[in-house]
Amino acid sequence: MQLGRHSGGGLLRHKLHKLNLDLPVELQAELLEEIRRIAISRKVPVTDDELKSLVANLKKNHGLPDL
């Protein structure tokens with residue numbers, strides 16, 4: 001499954017786990033909104049590499065280590 005404008009929190013958590021990405025629950029809603037915004041503006045789903053980049057940027061913006 002791909003992350004796009006209709007994706008929910010369950011799919012996001014599944015993708016984060018599958019890609020071995022750790023993101024605090026309190027930031028997952030913010031990430032999901034960004035994924036939806038990107039998917040709507042580009043009319044294509046967010047790729048796994050883009051998801052990794054979005055997670056890294058979100059962690060950086062909130063002062064969390066990117067492990």
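Numbers for the structure displayed
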| read-out | value |
| --- | --- |
| Residues (among the hydrophobic types (A, V, I, L, M, F, W, C), assigned to a helix (DSSP H, G or I) and within 11 Å of the chain's Cα centre (by Cα)) located in the stretch 37-67 | Ile38, Leu51, Leu54, Val55, Ala56, Leu58 |
| Qualifying residue in the stretch 10-23 (condition: exposed (fewer than 11 other Cβ atoms within 10 Å of the Cβ), of a type in the set (S, T, N, Q) and modelled with pLDDT under 95) | no |
| Among (1) open to solvent by 90 Å² or more (accessible area, probe 1.4 Å); (2) hydrophobic (A, V, I, L, M, F, W, C); (3) in contact with a Gly (Cβ under 7 Å, 6 or more places away or on another chain) - the single one Leu32 does not satisfy | (1) |
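The values are calculated or read from the model by the stated rules, or taken from the named source; none is laboratory data. Please read all numbers here as calculations on a predicted model, not as lab measurements. Quick reminder, even Gly has a Cβ in these numbers, built from the backbone with ideal geometry, and neighbours come from all protein chains shown. These area figures cover heavy atoms from the full protein model, side chains too; ligands, DNA and RNA do not enter into them. Shrake-Rupley method; radii C 1.70, N 1.55, O 1.52, S 1.80 Å.
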